[in-house]
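Here's the structure, in C-alpha coordinates; my notes come after.
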Amino acid sequence: MVNTITAAALCLAMQTSGMPRAHYACKHAKQMVKVSEKHNLNPAIFAALISVESNWRPHVVSKDNACGLTQVLPQYSRHTCEQLKKPKTSIKEGGYKLRYWVHRYGKSNYLVGLCGYNKGHRCHTKTPNKRGMRYARKVLNLALMIYRQFPGVNSEKAPFSL
(Lines give C-alpha, C1' and ligand atoms only; values in the text may rest on other atoms or scores of the structure.)
Protein backbone atom coordinates (compact mmCIF):
# COMPACT_ATOMS: atom_id res chain seq x y z
CA MET A 1 0.00 0.00 0.00
CA VAL A 2 1.32 3.43 -0.94
CA ASN A 3 2.50 5.53 1.94
CA THR A 4 0.15 8.52 1.66
CA ILE A 5 2.15 10.50 4.20
CA THR A 6 5.34 10.04 2.15
CA ALA A 7 3.48 11.14 -1.01
CA ALA A 8 2.15 14.25 0.74
CA ALA A 9 5.61 15.05 2.15
CA LEU A 10 7.16 14.58 -1.31
CA CYS A 11 4.57 16.94 -2.80
CA LEU A 12 5.28 19.56 -0.16
CA ALA A 13 9.03 19.13 -0.62
CA MET A 14 8.77 19.54 -4.40
CA GLN A 15 6.69 22.69 -4.00
CA THR A 16 8.92 24.32 -1.37
CA SER A 17 12.12 23.44 -3.26
CA GLY A 18 10.92 25.56 -6.17
CA MET A 19 10.80 22.64 -8.60
CA PRO A 20 9.17 23.76 -11.87
CA ARG A 21 5.64 22.39 -12.45
CA ALA A 22 5.53 20.98 -8.90
CA HIS A 23 1.73 21.32 -8.97
CA TYR A 24 1.62 18.77 -11.81
CA ALA A 25 4.20 16.55 -10.10
CA CYS A 26 2.02 16.48 -6.97
CA LYS A 27 -0.79 14.87 -8.98
CA HIS A 28 1.54 11.91 -9.49
CA ALA A 29 3.27 11.83 -6.09
CA LYS A 30 1.44 8.67 -4.95
CA GLN A 31 2.42 6.86 -8.15
CA MET A 32 6.06 7.97 -7.76
CA VAL A 33 6.17 6.80 -4.15
CA LYS A 34 4.53 3.47 -5.08
CA VAL A 35 7.07 2.83 -7.86
CA SER A 36 9.96 4.05 -5.66
CA GLU A 37 8.96 1.66 -2.88
CA LYS A 38 8.52 -1.23 -5.32
CA HIS A 39 12.00 -0.72 -6.80
CA ASN A 40 13.75 0.45 -3.61
CA LEU A 41 14.48 3.91 -5.04
CA ASN A 42 14.70 7.25 -3.29
CA PRO A 43 11.49 9.15 -4.24
CA ALA A 44 13.27 12.54 -4.23
CA ILE A 45 15.76 11.24 -6.81
CA PHE A 46 12.96 9.77 -8.92
CA ALA A 47 11.04 13.07 -8.82
CA ALA A 48 14.22 14.98 -9.76
CA LEU A 49 14.88 12.59 -12.65
CA ILE A 50 11.41 13.27 -14.08
CA SER A 51 11.86 17.01 -13.64
CA VAL A 52 15.20 16.96 -15.47
CA GLU A 53 14.01 14.55 -18.18
CA SER A 54 10.72 16.20 -19.15
CA ASN A 55 10.05 19.12 -16.81
CA TRP A 56 6.89 17.21 -15.93
CA ARG A 57 5.48 17.47 -19.46
CA PRO A 58 3.95 14.07 -20.33
CA HIS A 59 3.78 14.51 -24.11
CA VAL A 60 7.44 15.43 -24.65
CA VAL A 61 9.33 13.46 -27.30
CA SER A 62 13.09 14.03 -27.57
CA LYS A 63 15.10 14.27 -30.78
CA ASP A 64 16.20 10.68 -30.06
CA ASN A 65 12.52 9.61 -29.79
CA ALA A 66 12.52 9.19 -25.99
CA CYS A 67 8.96 9.64 -24.77
CA GLY A 68 6.92 10.74 -21.79
CA LEU A 69 7.72 12.00 -18.32
CA THR A 70 10.70 9.68 -17.83
CA GLN A 71 11.93 9.95 -21.44
CA VAL A 72 12.19 6.22 -22.09
CA LEU A 73 13.15 5.02 -25.56
CA PRO A 74 10.34 2.80 -26.90
CA GLN A 75 12.82 0.42 -28.57
CA TYR A 76 14.13 -0.50 -25.09
CA SER A 77 10.69 -0.67 -23.53
CA ARG A 78 7.62 -2.86 -23.55
CA HIS A 79 5.60 0.21 -24.58
CA THR A 80 5.01 2.43 -27.59
CA CYS A 81 5.70 6.15 -27.51
CA GLU A 82 1.97 6.84 -27.26
CA GLN A 83 1.72 4.55 -24.23
CA LEU A 84 4.76 6.21 -22.62
CA LYS A 85 3.04 9.58 -22.90
CA LYS A 86 0.58 8.37 -20.25
CA PRO A 87 2.04 9.46 -16.88
CA LYS A 88 1.23 6.23 -15.05
CA THR A 89 2.90 4.09 -17.73
CA SER A 90 5.92 6.39 -18.00
CA ILE A 91 6.45 6.48 -14.24
CA LYS A 92 6.25 2.67 -14.01
CA GLU A 93 8.64 2.13 -16.90
CA GLY A 94 11.05 4.88 -15.80
CA GLY A 95 11.17 3.44 -12.28
CA TYR A 96 11.89 -0.02 -13.67
CA LYS A 97 14.71 1.36 -15.85
CA LEU A 98 16.22 3.45 -13.06
CA ARG A 99 16.20 0.46 -10.72
CA TYR A 100 18.00 -1.59 -13.36
CA TRP A 101 20.79 0.98 -13.75
CA VAL A 102 21.17 1.81 -10.05
CA HIS A 103 21.28 -1.86 -9.03
CA ARG A 104 23.63 -2.69 -11.88
CA TYR A 105 26.27 -0.45 -10.32
CA GLY A 106 25.60 -1.19 -6.65
CA LYS A 107 22.39 -0.85 -4.70
CA SER A 108 22.93 2.79 -3.77
CA ASN A 109 25.24 4.08 -6.50
CA TYR A 110 22.91 6.72 -7.85
CA LEU A 111 25.65 8.73 -9.54
CA VAL A 112 26.73 5.99 -11.95
CA GLY A 113 23.20 4.54 -12.09
CA LEU A 114 21.78 7.86 -13.28
CA CYS A 115 24.62 8.15 -15.78
CA GLY A 116 23.58 4.74 -17.11
CA TYR A 117 19.94 5.79 -17.24
CA ASN A 118 20.96 8.72 -19.43
CA LYS A 119 23.77 7.24 -21.57
CA GLY A 120 23.26 3.49 -21.30
CA HIS A 121 26.19 1.10 -21.24
CA ARG A 122 28.61 3.96 -21.98
CA CYS A 123 28.64 4.64 -18.24
CA HIS A 124 30.62 2.40 -16.00
CA THR A 125 32.78 2.92 -12.94
CA LYS A 126 36.19 2.92 -14.68
CA THR A 127 35.56 5.52 -17.39
CA PRO A 128 32.14 7.12 -17.00
CA ASN A 129 30.67 9.19 -19.81
CA LYS A 130 31.26 12.91 -19.06
CA ARG A 131 27.87 14.09 -20.32
CA GLY A 132 26.13 11.29 -18.48
CA MET A 133 27.91 12.22 -15.25
CA ARG A 134 26.92 15.90 -15.68
CA TYR A 135 23.33 14.73 -16.10
CA ALA A 136 23.60 12.53 -12.98
CA ARG A 137 24.96 15.43 -10.90
CA LYS A 138 22.17 17.70 -12.14
CA VAL A 139 19.53 15.14 -11.07
CA LEU A 140 21.21 14.57 -7.70
CA ASN A 141 21.54 18.32 -7.01
CA LEU A 142 17.81 18.79 -7.63
CA ALA A 143 17.05 15.68 -5.56
CA LEU A 144 19.08 17.12 -2.70
CA MET A 145 17.08 20.36 -2.86
CA ILE A 146 13.85 18.34 -2.74
CA TYR A 147 15.11 16.00 -0.03
CA ARG A 148 16.13 18.89 2.23
CA GLN A 149 12.53 20.13 2.13
CA PHE A 150 11.06 16.84 3.45
CA PRO A 151 9.41 17.59 6.81
CA GLY A 152 11.47 16.31 9.73
CA VAL A 153 14.56 15.48 7.66
CA ASN A 154 18.04 16.42 8.82
CA SER A 155 19.05 18.83 6.05
CA GLU A 156 22.76 18.12 6.54
CA LYS A 157 22.74 14.42 5.64
CA ALA A 158 20.95 12.81 2.70
CA PRO A 159 20.77 9.04 2.06
CA PHE A 160 22.58 9.62 -1.24
CA SER A 161 25.57 11.68 -2.30
CA LEU A 162 27.02 13.43 -5.32
* **Options Tyr100, Tyr117; residue that is assigned to a helix (DSSP H, G or I) and surrounded by fewer than 20 Cβ atoms within 10 Å (Cβ to Cβ)** => Tyr100
* Does segment 35-50 include one or more residues that are modelled with pLDDT of 95 or more, crowded, with 23+ Cβ neighbours inside 10 Å and over 22 Å from Asn141 (Cα atoms)? -> no
* Asked: What pairs can you find where one residue is in segment 25-49 and in contact (Cβ under 8 Å) with a residue 12 or more places away in the chain and more than 12 Å from Gly94 (Cβ to Cβ), the other is of a type in the set (Phe, Trp, Tyr) and not in a helix (DSSP H, G or I), and their Cβ atoms are less than 8 Å apart, with a gap of 6+ or different chains?
  -> Ala25/Trp56; Asn42/Phe160; Ala44/Phe150
* Report, ordered by the first and then the second residue, all pairs with beta carbons closer than 9 Å, sequence separation of six or more or different chains, a first member in segment 7-23 that is touching a residue at least 60 places away in the same chain (Cβ under 8 Å) and at negative phi, and a second member that is β-branched (Val, Ile, Thr) and outside any helix (DSSP H, G or I). => Ala9/Val153; Ala13/Val153
* Asked: Within segment 62-75, is even one residue of a type in the set (A, V, I, L, M, F, W, C), farther than 19 Å from Leu144 by Cβ and part of a helix (DSSP H, G or I)?
  -> no
* Asked: Can you name the residue in segment 64-74 that is surrounded by fewer than 17 Cβ atoms within 10 Å (Cβ to Cβ) and modelled with pLDDT of 95 or more and is also nearest to the chain's Cα centre (by Cα) among such residues?
  -> Leu73
* Using the structure shown, decide if Val112 is modelled with pLDDT of 95 or more, part of a helix (DSSP H, G or I) and in contact with a Phe, Trp or Tyr (Cβ under 9 Å, 6 or more places away or on another chain). => no
* Name, by its number, the condition in (1) in contact with an Asp or Glu (Cβ under 9 Å, 6 or more places away or on another chain); (2) under 25 Å from Met19 (Cβ atoms) that does not hold for Val61. => (1)
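The values are calculated or read from the model by the stated rules, or taken from the named source; none is laboratory data. As the structure is a computational prediction, the values presented were derived from the model and not from experiment. Every residue, glycine as well, gets a Cβ built from its backbone with ideal geometry; the counts of neighbours run over all protein chains shown.
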